[in-house]
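To keep things clear, I will list the structure first and then write my remarks on it.
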Amino acid sequence: MRVFIAGATGVLGRRLVPMLLSVGHEVVGTTRSKRKAMGLKQAGARAIVLDALNGAAVHSAIRAARPQVIVHELTALEGRTDIRKMEQGFELTNRLRTQGTDILISAAREAGVRRMVAQSFTGWPNERGGGTVKTEQDPLDRDPPAAMRAALDAIEYVEHSVTHTRGLEGLVLRYGTFYGPGTTLSEGGEHVEQIRRRRFPVVGDGEGVWSFVHIDDAASATMAAIERGRLGVYNVVDDEPARVSGWLPAIADAIGAKPPRHVPVWLARLLTGEAGVSMMTSVRGSSNAKAKRELGWLPRYPSWRSGFRLGLGRVDERPPGTARAAGAA
Ligand SMILES: NC(=O)c1ccc[n+]([C@@H]2O[C@H](COP(=O)([O-])OP(=O)(O)OC[C@H]3O[C@@H](n4cnc5c(N)ncnc54)[C@H](OP(=O)(O)O)[C@@H]3O)[C@@H](O)[C@H]2O)c1
């Protein structure tokens with residue numbers, strides 16, 4: 001198949017591109033950077049340099065590429081993971097999920113592309129009441145902390161648009177929190193370094209539940225959704241949603257750091273705001289039953305317990321056989 005990946009050079013794209021090429025798919029990938037375009041070409045993909053918010057450029061790229069599938073992996077989160085500045089940090093990502101999605105969908109319709117796979121996120125968007133593990137059928141949070149409102153609206157926008165466009169077979173992948181090579185949870189990555197310096201504390205009772213996914217498992221789920229599966233939303237997470245009070249000491253142990261500090265909720269609220277407190281005390285995890293059943297996907301790392309020990313990798317690690325320039329700035 002010929003696959004058009006909008007945002008082929010991000011953490012996920014860098015793992016996905018070689019995976020698709022290795023089984024014989026053709027890949028056309030986008031980036032804004034000429035240097036990263038070189039890396040894509042060296043990996044064996046076709047590269048297009050464009051700004052995804054430039055409608056004319058995207059239309060003409062998709063018209064020329066004539067793909068069977070469009071994959072939407074556009075986000076702008078690199079270096080913008082500070083929970084205290086979530087609203088500013090998500091501004092461009094929100095535009096890529098709204099305007100960027102509209103542009104991709106209209107280009108898909110114009111070029112007669114019938115299938116689209118788009119990224120979304122699961123974890124904090126889940127409703128925070130009731131059971132601790134949610135399925136795709138459960139509602140999203142109707143009353144998120146104010147700093148998360150715009151990001152949640154943009155997530156709902158991309159999910160609804162991709163799955164409600166007539167003539168489009170749209171699959172939305174709600175990735176859990178990434179860990180593994182290239183992510184913030186890898187050796188040298190921002191969050192692992194904060195954990196090592198004991199600057200990522202357990203807040204209150206640490207009852208917030210997180211769902212993780214190794215970056216290579218997120219890539220293999222994306223390949224599965226490109227190749228098969230019906231229209232709809234899928235959680236792409238591992239088998240073991242976990243309380244902060246469980247996974248945070250475990251990752252500290254896996255990287256040889258001292259156990260995390262504990263801070264009371266009132267202090268965390270002062271330091272990180274309501275969004276930070278929510279992440280640590282009340283968010284919910286997600287079930288992967290549907291992705292396993294309907295996409296025939298099985299994670300190589302079914303639990304973060306072994307994944308943190310065996311699959312953390314390094315922040316600057318490249319997938320085997322790919323050129324370094326693929327991820328260079
Ligand atoms: N589930 C999760 O936990 C999750 C999800 C997403 C991201 N993250 C984290 O966020 C961090 C950054 O992720 P990332 O490396 O994927 O980087 P990113 O900066 O979010 O970029 C993702 C892709 O979008 C492209 N892009 C961004 N803005 C664009 C625009 N205006 N026009 C065209 N393309 C655009 C980038 O292309 P170019 O930069 O090459 O132009 C790149 O290919 C990582 O630390 C990752 O772990 C986590």
*All but one of (1) in contact (Cβ under 8 Å) with a residue 24 or more places away in the chain; (2) surrounded by fewer than 19 Cβ atoms within 10 Å (Cβ to Cβ); (3) within 9 Å of the ligand (Cβ to nearest atom) hold for Arg84, so report the exception by its number.*
(3)
*Answer yes or no: is there a residue in segment 128-143 that is open to solvent by less than 30 Å² (accessible area, probe 1.4 Å) and within 11 Å of the ligand (Cβ to nearest atom).*
no
*Please go through segment 14-33 and pick out each residue that is charged (D, E, K, R) and either more than 20 Å from the chain's Cα centre (by Cα) or closer than 13 Å to Val69 by Cβ (or both).*
Glu26
*Please identify the pairs in which a residue from segment 183-200 that is without any contact (Cβ under 8 Å) to a residue 12 or more places away in the chain has its Cβ atom under 6 Å from the Cβ atom of a residue that is open to solvent by 10 Å² or more (accessible area, probe 1.4 Å), counting only partners at least 6 apart or on another chain.*
Gln194/Phe200
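If a residue must be more than 13 Å from Gly10 (Cα to Cα), assigned to a helix (DSSP H, G or I) and open to solvent by less than 50 Å² (accessible area, probe 1.4 Å), how many such residues does segment 32-46 contain?
1
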*Only one of these is within 16 Å of Tyr175 (Cα to Cα) and assigned to a loop (DSSP other than H, G, I, E, B): Gly129, Gly123. Name it.*
Gly123
*Quick one: would you say Gly170 is of a type in the set (Gly, Ala, Ser), farther than 16 Å from Thr101 by Cβ and touching a residue at least 24 places away in the same chain (Cβ under 8 Å)?*
no
*Which condition number does Thr165 fail, the rest of (1) more than 14 Å from the ligand (Cβ to nearest atom); (2) in contact with a Leu (Cβ under 9 Å, 6 or more places away or on another chain) being met?*
(2)
*Out of all the residues in segment 103-112, is one or more more than 11 Å from the ligand (Cβ to nearest atom), open to solvent by less than 20 Å² (accessible area, probe 1.4 Å) and free of Cβ contacts under 8 Å to residues at least 60 places away in the same chain?*
yes
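Kindly establish whether Val11 is modelled with pLDDT of 95 or more, over 30 Å from Glu274 (Cβ atoms) and of a type outside the set (D, E, K, R).
Judged against the criteria, Val11 is not a match.
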*Do you know which of the residues in segment 65-81 that are outside any loop (DSSP other than H, G, I, E, B) and more than 16 Å from the chain's Cα centre (by Cα) is farthest from the ligand (Cβ to nearest atom)?*
Val69
*Top-ranked residue in segment 5-31 [being in a loop (DSSP other than H, G, I, E, B) and of a type in the set (A, V, I, L, M); ranked as nearest to Val213 (Cα to Cα)]*: Ala8
*Quick one: what pairs do we get from segment 299-313, first residue free of Cβ contacts under 8 Å to residues at least 60 places away in the same chain, second open to solvent by 20 Å² or more (accessible area, probe 1.4 Å) and not in a helix (DSSP H, G or I), C-beta under 8 Å, 6+ apart or different chains?*
Leu310/Tyr301
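How many residues does segment 51-64 hold that are out of contact with any Asp or Glu (no Cβ under 9 Å at 6 or more places or on another chain) and either more than 9 Å from the ligand (Cβ to nearest atom) or closer than 24 Å to Leu173 by Cβ (or both)?
So the count comes out to 7.
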_Would you confirm, using the coordinates I've provided, whether Tyr301 is of a type in the set (Phe, Trp, Tyr) and touching a Lys or Arg at 6+ places or on another chain (Cβ under 6 Å)?_
no
*asked:* Restricting to segment 160-171, name every residue that is surrounded by fewer than 22 Cβ atoms within 10 Å (Cβ to Cβ) and in contact with a Ser or Thr (Cβ under 7 Å, 6 or more places away or on another chain).
replied: Ser161
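Show me the helices (runs of 4 or more DSSP H) found entirely inside segment 172-269 where at least 1 residues are within 16 Å of the ligand (Cβ to nearest atom) and either at positive phi or open to solvent by 30 Å² or more (accessible area, probe 1.4 Å) (or both). Give the derivation first.
Working: elements: 190-196, 215-227, 244-254.
Fully inside segment 172-269 and qualifying: 190-196, 215-227.
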*Report whether or not Lys36 is near the ligand (Cβ under 9 Å from one of its atoms) and of a type in the set (Lys, Arg).*
yes
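The values are calculated or read from the model by the stated rules, or taken from the named source; none is laboratory data. All of these numbers come straight from a predicted model, not from anything done at the bench. No Cβ is skipped: glycine too gets one built from the backbone with ideal geometry, and neighbour counts run over all protein chains shown. Heavy atoms of the whole protein, side chains included, go into the accessibility calculation; ligands, DNA and RNA do not. Shrake-Rupley method; radii C 1.70, N 1.55, O 1.52, S 1.80 Å.
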